[in-house]
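*Asks:* Below you'll find the structure I mean.
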Amino acid sequence: MANPAGRKIFMTLVMTVLLAGACDDEPDRIIPYVPVSFFVDLNIVNDLNVAGNSVYFAGPGYSGVLIYCAEPYQEYYAFDAACTYDFLSGCKVRSGVKDTNPGGPIGTCSCCGSQFLLMGGASPVKGPATYSLQQYHVSVMNNTLRVYN
């Protein structure tokens, strides 16, 4: 029969490994998970070639995706447009006056008026929202952006 102390250590080690593998890298998610994977051709969406501009894309994500250009062809940020204050109401965060006009570094919720700084992590700068927007990954390949989660 095996050593009971050795078995206890072995089981503790196995449980630790299993629990560590169960943790994911994303912080607690406010916005429901939706698979996101799309490409943006910077030759067509010229507004994203100017630092400080942001553009809203209606199709992907939970409520569309806002992409902010920090440094053309180098640094971009993408966020779900669902407001973290009340995403169930269908409120969207936009940065331009209209969907067709590029916006700037501040996104504003159309319902509650919360404002988010689109640089970095899209943290709220004006309430009532207290959580940052859901962020997506962006990679730059030649003149194309890939946005994904």
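The values are calculated or read from the model by the stated rules, or taken from the named source; none is laboratory data. No experiment lies behind these values; they were computed from the predicted model shown. Because the Cβ atoms are built from the backbone with ideal geometry, glycine has one as well, and the counts that use them run over all protein chains shown. Please note that ligands, DNA and RNA were not included when accessible areas were found on the heavy atoms of the full protein model with its side chains. Shrake-Rupley method; radii C 1.70, N 1.55, O 1.52, S 1.80 Å.
*Asks:* Can you give the net charge of the other residues whose Cβ lies under 9 Å from the Cβ of VAL138, counting K and R as +1 and D and E as -1?
*Replies:* Local net charge: 0.
*Asks:* Separate question: PRE reach from ALA51 (point 7 Å along Cα→Cβ): which of region 118-149 fall under 17 Å by backbone N?
*Replies:* Flagged as within label range: 118-120.
*Asks:* Net charge within 15 Å of GLY113 by Cβ-Cβ distance, Lys/Arg positive one each and Asp/Glu negative one each, not counting GLY113 itself?
*Replies:* Neighbour charge sum, excluding GLY113 itself: +2.
*Asks:* I've got another one for you. Could you work out what % of the accessible surface of region 108-149 is carbon and sulfur, using a 1.4 angstrom probe and leaving DNA, RNA and ligands out of the count?
*Replies:* With neighbouring chains kept in place, the figure for region 108-149 is 48 percent.
*Asks:* In debye to the nearest 20, how big a dipole does region 54-149 give about its Cα centre with +1 on each Lys and Arg Cβ and -1 on each Asp and Glu Cβ?
*Replies:* Here the size comes out at about 140 debye.
*Asks:* OK, next. Spin-label point model (7 Å from Cα, Cβ direction): what's the PHE38 to ASN142 distance in nm?
*Replies:* 2.1
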